[in-house]
Amino acid sequence: MTVDQLRKYFPALSAKVYGRDLVYLDSAATSQRPQSVIDEWERITVQCNANIHRAVHALAEEATRAYEQARESARAYINALSREEIVFTSGVTAGINLVAFSFGEAFVSEGDEVIVSECEHHSNIVPWQMMCRRKKAVLKVLPVDDRGELMVDMLEGMCTEKTRIVAVTHVSNVLGIVNPLKEITAVCHAKGIPVLVDGAQGIVHCGIDVRDTDCDFYAFSGHKIYAATGTGVLYGKRELLDRMPPYMGGGEMVGTVRFSGTTYAPLPLKFEAGTQNFAGVPTLTPALRLAGEIKDDRGLIENENAVRDYVLDALCSDSRISLYGNPSDRRLKIPLFSFSVDGAHHEDLALILDKMGIATRSGQMCAEPLMDRYGVSGMLRASFAPYNTMEEAEFFISSLDKAIGMLR
C-alpha cells in the first residue's frame, strides 16, 4: 500500500483549512478516523442502537456481538492470553485510574512505594499521587537524561522490598522515544514487582505483544489508533485482576445483589460497570484491522522512517531550535517532535502554522514535570502518523522556517 492509497481511507485528510490543504500533524493527540470506523459507528447507531448484555431482542443481540467481537480484536492485536484479560474503558486515563485505585486497594499499604518516570503524562502521575495520598504510600521518580532517555540503570537500585508497582510509558508523548519495556519488566519482575505501561503512543507506532514483553498491565486509547473517542483497552494479567476489587459499582458488574452483601461478576465484567460505549467500542475492530495492515506494510514503514529521519535531521541542524527527545539510536525515535525556538513562543508558532494549514500542538502536552525538567514553559509538537507524506514533512519544515522568521 502506498501512503496516497492509505490516505484515501481517511476522509478528513482531504479537508481544507483557510483555503489550504490540511496538513494534520497532531495525531499524538487524536488520530484521524478511516471510513471503515465511521461506517461501523453509524451501523451500530442506526441499525442496532440497544444496550448490551441485557435484553434478548435482535438489536441488543447484535450490539452485544459487535461489542464482544471488539474484545477479541483487542486481545488478538496485543496477543493477550484470554478475553478475560481485556477490560474496556474510556481511554488510557480511565484505565490507569482503575489500576491505581483497585491495585492500590488490594496491594498497597502505608509506607509502600510506587515508581513512575519523569517523562510521564499527567494521567500516569496524578492517579498514583492520589492513591499514595489515600494509602499513605511514597511516590518515587525514575529520571530521564538530557537526551530524553530513561535512566534505566538506576531502576534496580530504586526498587526496594516496599516497591509495589512501577508505572512507565511505552513512548513519551513529548519525547517520542521508545522505552526498553522488556528490560524494565525484567528488572522489576526479578524483585517480584509488577509493571504497568501507558501505551497511548506505543500502540500506534510500535505495537505490543504483552506476553513477550511480560508487562502486567497495558492501557491504550482507541482514538489514538483510528477508533472512536471514548474507547480504550486495559490489559491486565488475570491473576492480578482476579485479586483486585472493582473500581466502580453498578449494573452489569455484579453477580448477586442483596442488602446483606453483593458478589461480583467474573472478569472482565467486574470492571465494566454501567452502560458501556456500545456504539464506540465496536469501532476498535476495523481500526485495529487497519492498524495491523499498516504495521505489516513494508512500504508504509519505510515512508514513516524516512519522514522521521528527514524531520529529525532538519530540526537538529537548525541552531534556532532545541529538540527534546533525541536518542543515541534514532531507531528508538517515533516521528514525534517536541521543540522550542529561541525568541519565539510555542503558541505563536502554532497559530502561524495553523494559518498555513498545518495542525500542531503547543503547550505543556499534559507533562508539566517534564517541562520543568527542561526548564521551559511549553513546547511545540509535530506528531506524524503513517498517513503523512514526505511532501507534508517538507512543507512543515519550510513553513516552520517562515514562521520563525516572522517572530524573530
Correct option for Rg and Dmax of the Cα atoms in Å [calculated from the coordinates] among (i) 25.5, 90; (ii) 21.8, 71; (iii) 20.4, 62: (ii)
Heavy-atom accessible surface of the stretch 20-123: percent carbon and sulfur, 1.4 Å: 50
Long pairs among LYS295/LYS402; LYS237/LYS270; LYS8/LYS402; LYS8/LYS224, criterion Cα-Cα beyond 26 Å: LYS295/LYS402; LYS8/LYS402
Packing-based ranking, highest mean first, of 11-21, 384-394 given that Cβ atoms within 10 Å are counted: 384-394, 11-21
Solvent-accessible surface (1.4 angstrom probe) belonging to ASP216, in square angstrom, nearest 10: 10
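Assuming R0 = 60 Å, what is the FRET efficiency of GLU394 and THR262, from their Cβ-Cβ distance, to the nearest 0.05?
0.50
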Carbon + sulfur, % of accessible area of the stretch 330-408 - ligands and nucleic acids excluded, 1.4 Å: 51
Å² of accessible area per residue within the stretch 277-384, as computed with a 1.4 Å probe and no ligands counted: 39
Difference of contour (0.36 nm per residue) and Cα-Cα distance, GLU61 to GLU156: 29.2 nm
Whole-number accessible area per residue in Å² for the stretch 205-262, which is evaluated in the context of all protein chains at 1.4 Å: 43
Mean ellipticity per residue at 222 nm, deg cm²/dmol - from DSSP H runs of n ≥ 4 across the chain, formula -39500 (n - 2.57): -11500 deg cm²/dmol
Selection from GLY202, PHE217, ALA190, by position along the positive dipole direction of the stretch 140-227 (Cβ): PHE217
Net charge dipole size for the chain [Lys, Arg +1 and Asp, Glu -1 on Cβ; Debye, nearest 20]: 820
Calculated FRET efficiency for the pair ARG331/ALA106, C-beta based, R₀ 51 Å, to 0.05: 0.85
Accessible area per residue in Å² at 1.4 Å probe, computed on the stretch 1-128: 42
Eligible lysines near LYS140 by straight Cα distance, threshold 16 Å, same-chain separation 8 or greater: LYS162
Ranked order, ASP297, ASP153 - accessible area, probe 1.4 Å, largest first: ASP153, ASP297
Value of D in µm² per second that Stokes-Einstein yields for the stretch 162-267, Kirkwood Rh from Cα pairs, at 10 °C (1.306 mPa s): 102
Cα pair count fraction exceeding 21 Å, expressed as % - the stretch 30-104: 43
Extreme residue, positive dipole direction of the chain, given options THR163, ALA273, LEU241 (C-beta unit charges): ALA273
Antiparallel bridges, percent of DSSP beta bridges restricted to the chain (to nearest 5): 60
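Normalised by the residues of the stretch 282-388, what does the relative contact order come to in percent, with Cα pairs under 8 Å and at least six apart? Show your work: numbers first, answer last.
Values: 107 pairs, mean separation 26.2, N = 107.
Relative contact order, the stretch 282-388: 24 percent.
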Calculated from backbone phi, Karplus (6.51, -1.76, 1.60) coupling profile of the stretch 78-88 in Hz, x at Gly/Pro: 9, 6, 6, 6, 8, 5, 5, 8, 10, 10, 7
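Run the accessible area of the stretch 249-327 with a 1.4 Å probe and give the carbon-and-sulfur part as a rounded percent.
Answer for the stretch 249-327: carbon and sulfur cover 50 percent of the accessible area.
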Dipole magnitude of the stretch 128-219 about its Cα centre (Cβ charges: Lys, Arg +1; Asp, Glu -1), debye to nearest 20: 700
Cα-based equivalent ellipsoid, the stretch 110-211: semi-axes from gyration tensor eigenvalues, Å: 21, 15, 13
Under 5 Å, built H, 5+ apart or other chain: amide partners of GLY232: THR89, GLY91, GLY222
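The values are calculated or read from the model by the stated rules, or taken from the named source; none is laboratory data. From a predicted model like this one, the values you see are computed outputs, not experimental measurements. Using ideal geometry, Cβ is built from the backbone for each residue, glycine included, and neighbour counts are taken over all protein chains shown. Heavy atoms of the whole protein, side chains included, go into the accessibility calculation; ligands, DNA and RNA do not. Shrake-Rupley method; radii C 1.70, N 1.55, O 1.52, S 1.80 Å.
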